[in-house]
Amino acid sequence: MSRYAAVTTHLETPMHHRALFLSLALVATPLYAAGHSLHVVDTLEQRSPIRLTATQKSHIHLEMRMFLSNVQLIVNGIANNDMKMVAVAAHEAGMAATQDAPAKLSEKLPPAFNQMRLATHKAFDDLSRDADSLGDSAQALKQLGQIMNNCVNCHSTYRLETGRR
Ligand code: HEC
């Protein structure tokens, strides 16, 4: 943005300044463009790998697909002002959902990952409880938005890997 602002300003300056600026711009632009696309690649590769067995990985994926389908139910519940549906779907995505996890899964997960994972389940329990007691769809939507910060943050931080390559 600032680069383009600079171009406009410099076009109004005397000719020799303008020529100097344009030649700098010709050098800088490809560098800027290259830096920009590298940045996208870097972002993908910066996700920390978590090594799991195939079973553990498929359990996390299952937990995730449950998150997504329950988010869908919650959004529909909010849209139809069906707070009972919101409460039930949020409860299913709460701590109750962790009970079928394979033994030792929590131990294999990096503590920061596991904390974010459990905090997300707990936040769904809070959403369920509040949807039940307050019956306020605007409040439920706000809480869902906060929960979804966790989805976004965790997805941009971690990826899963199995032992085999
Ligand atoms: C604690 C970290 C964490 C949180 C929180 C989290 N996810 Fe995930 N999610 C992951 C990881 C890790 C993967 C797998 C990425 C990979 O396979 O490399 C994943 C994958 C997924 C997938 C793909 C599943 C598949 O079968 O391929 C979906 C869908 C998904 N997440 C939805 C959600 C939703 C919706 C939320 C929030 C309600 C959420 N996730 C919260 C870490 C998280």
- Message: How charged is the neighbourhood of PRO110? Take every other residue with its Cβ under 13 Å from the Cβ of PRO110, and add Lys/Arg as +1 and Asp/Glu as -1.
- Response: +3
- Message: Apply the Karplus curve 6.51 cos²θ - 1.76 cosθ + 1.60, θ = phi - 60°, to the phi angles in segment 141-158 and return the couplings in whole Hz, x for Gly and Pro.
- Response: 5, 4, 5, 4, x, 5, 4, 5, 4, 5, 4, 5, 5, 5, 5, 7, 9, 10
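I need the Kirkwood Rh of segment 52-162: take the reciprocal of the average 1/r across all distinct C-alpha pairs and report it in angstrom. Could you put the intermediate results ahead of the total?
Values: mean 1/r = 0.0699 Å⁻¹.
Radius from the Kirkwood sum: 14.3 Å.
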- Mind listing the long-range amide H neighbours of LEU160? Cut-off is under 5 Å, sequence gap 5 or more, other chains count too, H placed in the peptide plane at 1.01 Å from N. ILE50
- So which lysines can LYS104 reach, going by Cα to Cα under 25 Å and dropping same-chain residues fewer than 8 places off? LYS57, LYS122
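Every read-out reported here was derived from the displayed coordinates using simple, explicitly stated rules and does not represent laboratory data. Not measured: the values here are computed from a predicted model. No Cβ is skipped: glycine too gets one built from the backbone with ideal geometry, and neighbour counts run over all protein chains shown.
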